[in-house]
Structure formats: structure tokens, C-alpha cells
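This report refers to the structure that appears directly beneath it.
The values are calculated or read from the model by the stated rules, or taken from the named source; none is laboratory data. Quantities reported herein were computed from a predicted structural model and do not represent experimental measurements. Neighbour counts run over all protein chains shown; Cβ positions are idealised from the backbone, glycine included. Heads up: the accessible areas ignore ligands, DNA and RNA and are worked out on the full protein's heavy atoms, side chains in. Shrake-Rupley method; radii C 1.70, N 1.55, O 1.52, S 1.80 Å.
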Amino acid sequence: NPPDEILYGFDWIVVDPDGVSTGFLNKRKAGTFGYVSIGEIDSFREYFKDVKKEWILGENPHWNSFVADIRNKEYQTFLINRVIKTVVTKGFDGILFDTIDSYQLVLKNEDDRKEYEKAEVEFIKQVKKDYPNIKIMLNRGFEIFDDAAPYIDGFLMEGLFQTFDISNKENSYIEVKEEERKWLIERLNKIKERGIPIIVVDYVNPKEKKKAEYLVKEISALGFIPYISVKELNIIGYSPCKILPRKVLLLYDSSIEVDPSVSTIHQLTAVPLEYLGFI
């Protein structure tokens, strides 16, 4: 499970549904989004053994994953009935759809790409129909945004100022070229005009704290929600929200005949502390 702190310091959090317990979700105060890859299939997933070869278009060697064909109706049904149903059953508030653009790695024909994009929109529309109370957030997907906009609640994009190069093991953190950044900002502004929240995730070397803090300000100034992390996404990242460590003094009457263990004290004080927002 992710650290409990993120449940109280953020409005939305994204977690892998395979790596989180229902108990963790039950004590949340943040809105939770379950991560679902629709454009790629990871071989380490429990359900990979049930994946059919006709659902696969090719490979993404950088992530050791397989590019999936969302145009295949059977694959769509599998995603909805097996993968997405698990997210909903666990109690997530929403879904983050990832790898939306992965088809571009293998489909070079423009007609094939348009057909794929149309299938993605129809799939998102079907998910919203099946689960109308579930929020949907896209990770990129500029090509399908206009058609998918009525069915989504948030838009996430990685790498506006800084990103990482997975092929470069020694110096993987790199700056986004100015020309590309201008192109991205132009498209993000069009999405912002539709009133859809935009989250920008940039990646910075963990040693460069000043740069991370600087990027929080730069991205915020553009009207986007910043989140600065490391490429492994295994730390609580930088954002306008700062999580400050707090010490709480616990007092108890030793004359009461109870076991003065830490666990007992926690049980006695958990309710008032939670009410006050400390846990």
C-alpha cells in the first residue's frame, strides 16, 4: 500500500489496483483512481495468462509490454468485465486510463490510426455507460480528447518541462525541448478551456529539490496542477501541497486499569484524532 500521508494531503491519488488493499481505500479522504493500461498489456499481470494473441499488435521493448488492439471487441469486453470490474469492486472512485497513445508505436497508416482512435472513444463511452458514477481520467490522448471530453473528468500529462529517457540508464532525466513544450502548452490550454482539470507530472532527479520546487511554481503559473516526482514514482512528490511532519502528545490516565500499550492507547485516541484531521 502507498503511505497513508497521501490520503490526507491530496484531492486525487492514482494507485495500481493490483497493489492496494480494500482496507487502504476504506480509510481514505482523497479521491482514488485505479490505474488501468488499455493500450498495452503487462506480462506481470495476473490476468496475462488469459490474454489472446489476436489482441496483441506488437511490443514496447522499453517497458517489456505488449501493444494491445482496442479495436478488438473481445479485448474491450475483457477489459470491462475483468480489469475495470476489479477496480470498481475494490471501491475506487475513478479510473486512470494509460498507454492511450501506444498504438502509434506500431500503426503507421493514418486510416488505421483513425480507426483505433475511434475505438478508444467508443470504449471510454461504454465504460461510462456501464459505470456512470466512476470518474475517468486520461493520461495524454490529445488525438481523442475532443470526442472523449463528454465522458472524462480529468486529463493527465507527463513531461512538460522535465521527463526521463528510459533508454539512458546513466543520465535519464532530461529537459523537454522548448518547441515541444510550446506545442504541449497550446493543446493543454484548449483542454483547460473546456473546464477539465489538468494534472502535469514532471520528473526530476531526487537530488535536485530546488528544481522540483521551481517546476511546481512554473506549472502552477500556467494554470495546471503540478506534481513533480522521480521516474520510479516511489516517493511522495512535490506539489503546491506540502506534507509537514507533526508530533502529537498523547495523555492518558494511568489509574485506569487498561493495558498501557501503544496499540491500546491508539485505539482509545484514534476516533478523536481522526475527527480533528490528524490521522
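Right, Lys217: at pLDDT 95 or above, open to solvent by 50 Å² or more (accessible area, probe 1.4 Å), out of contact with any Phe, Trp or Tyr (no Cβ under 7 Å at 6 or more places or on another chain) and closer than 21 Å to Asp165 by Cβ or not? Walk me through how you get there before you give the answer.
Details: at pLDDT 95 or above: yes; open to solvent by 50 Å² or more (accessible area, probe 1.4 Å): yes; out of contact with any Phe, Trp or Tyr (no Cβ under 7 Å at 6 or more places or on another chain): yes; closer than 21 Å to Asp165 by Cβ: no.
No; evaluated as a whole, the condition is false for this residue.
Pick from region 49-62 the residues that are open to solvent by 70 Å² or more (accessible area, probe 1.4 Å) and either part of a helix (DSSP H, G or I) or touching a Cys at 6+ places or on another chain (Cβ under 7 Å) (or both): which of them is farthest from Glu115 (Cα to Cα)?
In the first step, residues of region 49-62 are kept if they are open to solvent by 70 Å² or more (accessible area, probe 1.4 Å); the result is 49, 52-54, 59, 61-62.
Right, trim to either part of a helix (DSSP H, G or I) or touching a Cys at 6+ places or on another chain (Cβ under 7 Å) (or both) and you get 49, 53-54.
Working: Lys49: 27, Lys53: 20, Glu54: 17 Å.
Of everything passing the filter in region 49-62, Lys49 is farthest from Glu115 (Cα to Cα).
Just name the residue that is surrounded by the most Cβ atoms within 10 Å (Cβ to Cβ) out of those in region 179-208 that are touching an Asp or Glu at 6+ places or on another chain (Cβ under 9 Å) and closer than 16 Å to Asn234 by Cα.
Top of the filtered list is Asp202.
How many residues, within region 48-85, are among the β-branched types (Val, Ile, Thr) and out of contact with any strand residue (DSSP E or B) (no Cβ under 8 Å at 6 or more places or on another chain)?
3
Go through region 143-182 and report how many residues are among the small types (Gly, Ala, Ser) and either modelled with pLDDT of 95 or more or within 19 Å of Ile100 (Cβ to Cβ) (or both).
Applying the first criterion (among the small types (Gly, Ala, Ser)) to region 143-182 yields 148-149, 154, 159, 167, 172.
Those left that are additionally either modelled with pLDDT of 95 or more or within 19 Å of Ile100 (Cβ to Cβ) (or both): 148-149, 154, 159.
Matching residues across region 143-182 total 4.
Could you list all residues from region 69-86 that are closer than 14 Å to Pro132 by Cα and touching a residue at least 24 places away in the same chain (Cβ under 8 Å)?
Going through region 69-86, the residues closer than 14 Å to Pro132 by Cα turn out to be 80, 84-85.
Selection gives Ile80, Ile84.
Which of (1) in a helix (DSSP H, G or I); (2) modelled with pLDDT of 95 or more is the odd one out, the single condition Thr89 does not satisfy?
Result: Thr89 fails condition (2) only.
Does Thr77 qualify as being farther than 16 Å from Tyr35 by Cα and in a helix (DSSP H, G or I)?
On the way: farther than 16 Å from Tyr35 by Cα: yes; in a helix (DSSP H, G or I): yes.
For Thr77, the condition - farther than 16 Å from Tyr35 by Cα and in a helix (DSSP H, G or I) - is met.
Listed residues Gly19, Gly34, Gly58; which is farther than 16 Å from Ile144 by Cβ, small (Gly, Ala, Ser) and more than 17 Å from the chain's Cα centre (by Cα)? Give the steps one after another, and end with the answer.
On the way: Gly19 fails: more than 17 Å from the chain's Cα centre (by Cα); Gly34 fails: more than 17 Å from the chain's Cα centre (by Cα).
Just a single option satisfies the conditions, and that option is Gly58.
Filtering region 19-48 down to residues that are modelled with pLDDT of 90 or more and in a helix (DSSP H, G or I), which residue is surrounded by the most Cβ atoms within 10 Å (Cβ to Cβ)?
So, considering only residues that are modelled with pLDDT of 90 or more and in a helix (DSSP H, G or I), the one surrounded by the most Cβ atoms within 10 Å (Cβ to Cβ) is Tyr47.
Select from region 63-80 the residues that are among the aromatic types (Phe, Trp, Tyr) and at pLDDT 95 or above and write down the one among them that is least open to solvent (accessible area, probe 1.4 Å). Talk me through it step by step, then tell me what you get.
In the first step, residues of region 63-80 are kept if they are among the aromatic types (Phe, Trp, Tyr); the result is 63, 66, 75, 78.
So of that shortlist, the ones also at pLDDT 95 or above come out as 66, 75, 78.
Values: Phe66: 52, Tyr75: 4, Phe78: 28 Å².
Among them, the one singled out is Tyr75.
Quick check on region 105-120. Is at least one of its residues open to solvent by 60 Å² or more (accessible area, probe 1.4 Å), assigned to a loop (DSSP other than H, G, I, E, B) and either of a type in the set (A, V, I, L, M, F, W, C) or at pLDDT 95 or above (or both)? It would help to see each step written out before you state the result.
Residues of region 105-120 open to solvent by 60 Å² or more (accessible area, probe 1.4 Å): 105, 108-111, 114-115, 118.
Then keep just the ones that are assigned to a loop (DSSP other than H, G, I, E, B); that gives 108-109.
Restricting the remaining residues to those that are either of a type in the set (A, V, I, L, M, F, W, C) or at pLDDT 95 or above (or both) gives 108-109.
Yes, there is a match, as at least one residue in region 105-120 is open to solvent by 60 Å² or more (accessible area, probe 1.4 Å), assigned to a loop (DSSP other than H, G, I, E, B) and either of a type in the set (A, V, I, L, M, F, W, C) or at pLDDT 95 or above (or both).
Could you list all residues from region 76-103 that are under 21 Å from Ser43 (Cβ atoms) and touching a Lys or Arg at 6+ places or on another chain (Cβ under 8 Å)?
Ile100, Asp101, Tyr103 - these are the residues of region 76-103 that are under 21 Å from Ser43 (Cβ atoms) and touching a Lys or Arg at 6+ places or on another chain (Cβ under 8 Å).
Under the condition of being β-branched (Val, Ile, Thr) and surrounded by 13 or more Cβ atoms within 10 Å (Cβ to Cβ), which residue from region 220-257 is modelled with the lowest pLDDT?
Taking region 220-257 and keeping what is β-branched (Val, Ile, Thr), we get 225, 228, 230, 235-236, 243, 248, 256.
Checking which are surrounded by 13 or more Cβ atoms within 10 Å (Cβ to Cβ) leaves us with 225, 228, 230, 236, 243.
Working: Ile225: 97, Ile228: 97, Val230: 94, Ile236: 87, Ile243: 60.
The selected residue is Ile243.
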